[in-house]
Amino acid sequence: MDWADKTVNVYNPLAQTKKLGYYTQSVLNRETLDPDLLILGINPGAAGGGIMSGEELLQGNPCFKGKGDEEIKKIYFNDYDSQKRKRGWDIVVKIRKMLEFAGKQILNDLDKFVLSNMVFLGTSKQGQIPLSFNEQMECATQTIKLIDILKPKVVLLLGDQTRDLFMKVANISRMEELIPNYHDFYCFFKNVHVISIYHTAYYSYYNFENMAIIGNILGYALDNSKDIIDKNILEKDLYERTIIRSIKIKNLLNRKDAIPLIDKNKALSYDLWQTIKNGNYVKSKDNIVIALTPEEDKKQYTLLVYTRQNNEEKTIKLINGIWPNEEFNPWECDKSRHVHEIISFDVSNEEIKNKMEKVLDEVKAYRDKEYPLK
């Protein structure tokens with residue numbers, strides 16, 4: 001309450017002179033609030049709020065006023081935005097997906113995360129914040145004080161502008177990159193992990209790789225909240241996780257003749273097209289699929305071959321064509337999929353890559369022979 005009273009004393013004069021409303025996002029006057037994660041953007045992406053008391057500020061986003069937990073979660077994750085043609089808020093939907101790759105369900109509990117911003121003034125675009133450098137610093141200083149009050153395990157900064165402002169206010173000269181090429185920067189501030197990533201708008205629902213990497217970095221930080229992260233230990237930990245191994249194997253394969261996909265079940269699959277139209281291969285339900293599917297309870301990969309039609313008879317015909325001496329072996333989870341090989345988790349990524357390469361080459365040779373381009 002003391003923080004809120006001091007914060008509105010900073011914002012009320014700005015709201016009056018700039019003719020803009022302000023608000024924080026998560027409801028902060030929850031008696032059971034004990035967050036593991038504090039998510040910070042640069043500022044709210046919509047108008048709202050106004051001159052208010054500290055007590056009103058703690059009530060969070062105006063759209064949450066008078067609503068219970070389930071109603072708020074429905075707004076976060078399910079309500080349809082006809083303008084954006086999406087369900088829920090992109091920020092929390094994507095961060096929840098990232099964390100799910102690490103087996104974390106934090107965003108399903110409103111007491112376990114807080115969403116807020118470095119600056120509380122609402123504008124449709126971050127570049128429209130009508131504040132001088134000193135005014136932004138004054139606003140951001142109040143946000144940084146939330147770290148001391150909430151004591152989260154991890155602070156997640158969204159976007160470079162957020163990171164730059166955080167570093168200036170926190171008087172930090174450098175944040176180190178943890179895993180190269182994923183735009184993930186880190187420091188240990190007041191005994192709290194602070195991790196900066198791209199704004200969630202960067203991450204695609206259709207490319208799980210970046211989201212999986214970031215989610216597992218966050219998962220590692222949440223599981224190891226007391227000690228500064230050693231990036232060498234982190235990298236070793238990540239590459240022992242199934243989803244990251246799938247990504248690593250995909251990068252080792254680097255195939256140009258098949259379409260790779262890593263799905264939500266952590267399976268790495270490749271599609272080879274066999275339908276021909278106008279002299280070219282085209283996508284269809286006849287696609288041949290080669291899938292490296294992890295079975296974590298058994299500590300093994302199952303290497304599956306099937307078609308997108310998921311038809312047992314078509315798969316039997318396919319297997320007889322590729323490997324005439326190999327007996328059809330239906331997978332227990334889906335009888336239309338053929339188990340070509342079982343591979344232990346103990347096998348190296350390089351060896352798994354070689355096994356996948358061999359199968360891809362053999363399937364492609366069958367495809368090119370039976371369905372040649374003229």
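The values are calculated or read from the model by the stated rules, or taken from the named source; none is laboratory data. No experiment lies behind these values; they were computed from the predicted model shown. With ideal geometry, Cβ positions are generated from the backbone for all residues, glycine too; neighbour counts draw on all protein chains shown. Note: accessible area is taken over every heavy atom of the protein model, side chains too, but ligands, DNA and RNA are not part of it. Shrake-Rupley method; radii C 1.70, N 1.55, O 1.52, S 1.80 Å.
For the residues F208, F120, a 1.4 Å probe over the protein chains yields an accessible-area ranking, largest first, of F208, F120. Each of the GluC sites (Glu not before Pro) that DSSP puts in a loop and that has at most 15 other Cβ atoms within 10 Å breaks the chain; the longest unbroken stretch is 32-239. Ellipsoid semi-axes for the range 146-276, based on the Cα gyration tensor and the rule √(5λ), read 33, 16, 12 Å when sorted largest first. For the chain, the longest principal axis of the C-alpha atoms and the axis of helix 2-18 are separated by about 90°.
Quick one: which residues, 5 or more positions from H199 or on another chain, have an amide H under 5 Å from its amide H? H modelled 1.01 Å from N in the peptide plane, none for Pro or chain starts. Excluding prolines and chain starts, which carry no amide H, the hits are G159, D160.
For the chain, what is the accessible area per residue in Å² when the probe is 1.4 Å?
Values: 18590 Å² over 374 residues.
Here the residues of the chain average 50 Å² of exposed surface.
Say R0 is 25 Å: what FRET efficiency, to the nearest 0.05, do E332 and L261 get from their beta-carbon distance? The formula returns an efficiency of 0.65 here. Cross-linked pairs K277/K355; K86/K231; K277/K314; K314/K374: Cα-Cα separations exceed 26 Å for K277/K355; K86/K231.
Could you order D36, D184, D69 by accessible surface area, starting with the largest, using a probe radius of 1.4 Å? Mind dumping the intermediate values first?
On the way: D36 30, D184 0, D69 65 Å².
The ordering from most to least exposed comes out as D69, D36, D184.
Which of P62, L33, F77 sits closest to the plus end of the dipole of the range 1-113, meaning its Cα is farthest towards the positive end, when Lys and Arg get +1 and Asp and Glu get -1 on the C-beta? Result: F77. Over the chain, DSSP H runs of length four or greater, each weighted -39,500 (n - 2.57), average out per residue to a 222 nm ellipticity of -11500 deg cm²/dmol. The spacing between the range 36-57 and the range 266-331, judged by their C-alpha centroids, is 50 Å. What angle, in degrees between 0 and 90 and rounded to the nearest 10, separates the Cα long axis of helix 242-253 from the longest principal axis of the Cα atoms of the chain? For helix 242-253, the angle is close to 60 degrees. Simple spin-label estimate for K65 and S82 gives 2.4 nm between the two label positions (7 Å along the Cα-to-Cβ direction from each Cα).
Once both labels are positioned 7 Å from their Cα atoms along Cα-to-Cβ, the gap between Y371 and S53 label points is 7.0 nm.
For Rg and Dmax of the Cα atoms in Å, computed directly from the structure shown, the correct entry in (i) 23.0, 92; (ii) 22.0, 90; (iii) 25.0, 81 is (iii).
So for the chain, averaging the separation of alpha carbon pairs under 8 Å that are six or more residues apart and normalising by length, what relative contact order in percent results? List each step's numbers first, then the result.
On the way: 636 pairs, mean separation 47.8, N = 374.
Relative contact order here is 13 percent.
State the answer as a single residue: which of G103, P13, I249 lies farthest towards the positive end of the charge dipole of the chain, with beta carbon charges of +1 for Lys and Arg and -1 for Asp and Glu, about the Cα centre. Among G103, P13, I249, the one farthest towards the positive end of the dipole of the chain is P13.
With +1 on each Lys and Arg Cβ and -1 on each Asp and Glu Cβ, how big is the dipole of the chain about its Cα centre, in debye rounded to the nearest 20?
1140
A DSSP coil position with no more than 11 other Cβ atoms inside 10 Å describes the following trypsin sites (Lys or Arg not before Pro) in the range 45-138: K65, K84, R85, K125. For the range 280-285, backbone phi angles converted through the Karplus equation (6.51, -1.76, 1.60; θ = phi - 60°) give residue-by-residue couplings of 9, 6, 10, 5, 7, 6 Hz, Gly and Pro being listed as x. What the pair-distance distribution of the range 65-184 shows, using all Cα-Cα distances binned every 5 Å from zero, is 2, 8, 15, 19, 20, 19, 12, 4, 0 percent. Principal-axis analysis of the Cα atoms of the chain puts helix 90-100 at an angle of about 60° to the longest axis. Where the centroid of each part is defined by its Cα atoms, how far is the range 89-123 from the range 186-251 in Å? Cα centroid to Cα centroid, the span is 15 Å.
Amide H contacts under 5 Å for G50: Y22, restricted to partners 5 or more places along the chain or on a different chain, H placed in the peptide plane at 1.01 Å from N.
Please tell me which of these pairs span more than 25 angstrom C-alpha to C-alpha: K74/K104; K97/K248; K226/K299; K74/K248? Intermediate values should be presented prior to the final figure.
Details: K74/K104 19 Å; K97/K248 20 Å; K226/K299 30 Å; K74/K248 36 Å.
Pairs exceeding 25 Å: K226/K299; K74/K248.
How large a share of the accessible area of the chain, in percent, is made up of carbon and sulfur atoms when the probe is 1.4 Å and the other protein chains stay in place?
Numbers: 8610 of 18590 Å².
Taking all protein chains in place, the chain shows 46 percent carbon and sulfur surface.
Could you compute how much accessible surface D297 exposes when probed at 1.4 Å, giving the result in Å² to the nearest 10? So the heavy atoms of D297 present about 130 Å² to solvent. Under 5 Å from the amide H of M175 lies no amide H of any residue 5 or more positions distant or on a separate chain, with H modelled from the backbone and absent for Pro and chain starts. 3J(HN,Hα) along the range 338-351, derived from phi through the Karplus expression 6.51 cos²θ - 1.76 cosθ + 1.60 where θ = phi - 60°, amounts to 9, 8, 7, 6, 9, 10, 5, 4, 6, 5, 5, 4, 5, 5 Hz, with x in place of Gly and Pro. For the set H193, H183, H199, solvent exposure ranked by accessible area (probe 1.4 Å, protein chains only) runs largest to smallest as H199, H183, H193.
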